[in-house]
Amino acid sequence: SFRATWSIDAADVQSYLLQYRPDTDSDVGYISVSVPGDTTTLVLRHLTPVTKYEVKVYAQYQKGESFPVSDYETTLE
């Protein structure tokens, strides 16, 4: 597992949508998790050791969602 953390830059965020998947396998769909708008961290669990993951975070508003903030993280053994 690893912890994804982000900062809040707007007062009207209703929730955040996190999507993640192994970076090397584009055939695998994203795992999606939604958290309340006042949440700024989430532990991503049940990951494969020594694997690079792509992680996207979307801010969700009443009128739609933001473009994602994307990053990569590699799990340890």
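The values are calculated or read from the model by the stated rules, or taken from the named source; none is laboratory data. Only a predicted model underlies this, so the values are computations on that prediction, with no experimental measurement involved. All accessible areas refer to the heavy atoms of the entire protein, side chains included, with ligands and DNA or RNA removed. Shrake-Rupley method; radii C 1.70, N 1.55, O 1.52, S 1.80 Å.
For this structure, a couple of remarks:
- Part-to-part distance (alpha-carbon centres) for the stretch 1-20 and the stretch 48-77, which is given in Å: 9 Å
- Evaluated at q = 0.19 Å⁻¹, a Debye calculation over the C-alpha positions of the chain (equal weights, vacuum) places log10 I(q)/I(0) at -0.77.
- The residues of the chain have, on average, 68 Å² of accessible surface per residue, using a 1.4 Å probe with all protein chains present.
- Whole-percent carbon and sulfur share, accessible surface of the chain, 1.4 Å: 49 percent
- Potential lengthening between residue 52 and residue 1 on full extension [0.36 nm per residue; Cα-Cα distance subtracted]: 17.2 nm
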